[in-house]
Ligand code: ADP
Ligand code: MG
């Protein structure tokens, strides 16, 4: 991959702020967020509804430009405030896999074609694309639905196809916004573990917005977002940073968005 500084973190976000609207409709959704996701690091992003999680994720995903602050992916500066420093479409397609809260599949393509198209847009042959799509759908337990259109799939099946599509290009950054909300806990865990596997194999960085307390042990680092700010969170993450607060003892149920 070109433009990738050797050894640079997968994701670097510095001083990111997002203001929606203006005047008396102004909402500051993200306030001076700075964080780094290393290569192979899998991060959970927790926080109540409206705290800015999707705003942060879509900013890093180059879908929703920040008002100010900087974003670098794999050492390559990509955003300087709202200004793009690369061709965003191309960069997204080549380096970023995004799983939306709703599966967002193309309705007139089959499940397999939805995965395959991501590969073909990146220059993969139809044959190789079909093979990789088949493998991913198989791993995610939806291979038997490969020829079905999204409308014929359950919410959970659609979401698994969307995960397969996001991973198809072996992106160096994977961003997922509550990807397991429609899945049972076993499937949800499987998806989290797949993200982890992909991150480790490819040296990519992963951020997952989740409310699933049962899968938190899969993550290396946990951040909590509140009122647009990000802080290190619960201490059952695999790598426990020094001096952080422990909030895993909190017995309250998962918060809903
Ligand atoms: P979360 O994903 O944590 O629920 P969001 O990032 O979606 O939070 O939203 C953060 C804040 O920004 C909320 O107050 C929300 O109402 C506001 N917001 C989100 N998107 C928009 C938008 N397009 N226009 C105006 N306000 C928005
Ligand atoms: Mg959200």
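The values are calculated or read from the model by the stated rules, or taken from the named source; none is laboratory data. What you see is a predicted model; the values in this text were computed from it and never measured. FYI the Cβ positions are ideal-geometry reconstructions off the backbone, even for glycines, and counts take in every protein chain you see.
Summary of values
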quantity: Whichever residue in region 164-175 is within 15 Å of residue 105 (Cβ to Cβ) and either under 12 Å from the mean Cα position of the chain (by Cα) or free of Cβ contacts under 8 Å to residues at least 40 places away in the same chain (or both) and, among such residues, is surrounded by the most Cβ atoms within 10 Å (Cβ to Cβ); calculated: 167
quantity: Any hit, region 51-60, residues being in contact with a helix residue (DSSP H, G or I) (Cβ under 9 Å, 6 or more places away or on another chain) and closer than 14 Å to residue 228 by Cβ; calculated: no
quantity: Scan of region 24-76 for residues that are buried (at least 19 other Cβ atoms within 10 Å of the Cβ), part of a loop (DSSP other than H, G, I, E, B) and within 13 Å of ligand 2 (Cβ to nearest atom), ordered by number; calculated: 47, 51, 52, 61
quantity: Single residue of region 197-214 satisfying the filter (in contact with a strand residue (DSSP E or B) (Cβ under 8 Å, 6 or more places away or on another chain) and more than 14 Å from ligand 2 (Cβ to nearest atom)) that is farthest from residue 36 (Cα to Cα); calculated: 198
quantity: Candidates 142, 99, 161, 115 - the one that is closer than 30 Å to residue 17 by Cα and crowded, with 22+ Cβ neighbours inside 10 Å; calculated: 99
quantity: Test set (1) more than 18 Å from the chain's Cα centre (by Cα); (2) in contact (Cβ under 8 Å) with a residue 60 or more places away in the chain - residue 83 fails condition number; calculated: (2)
quantity: Single residue of region 77-101 satisfying the filter (closer than 19 Å to residue 168 by Cα and assigned to a loop (DSSP other than H, G, I, E, B)) that is farthest from ligand 1 (Cβ to nearest atom); calculated: 100
quantity: Tally of residues being away from ligand 1 (no atom under 16 Å from the Cβ) and closer than 23 Å to residue 62 by Cα across region 172-190; calculated: 3
quantity: The one condition in (1) more than 16 Å from ligand 2 (Cβ to nearest atom); (2) surrounded by fewer than 22 Cβ atoms within 10 Å (Cβ to Cβ); (3) at pLDDT 95 or above that residue 93 fails to fulfil; calculated: (3)
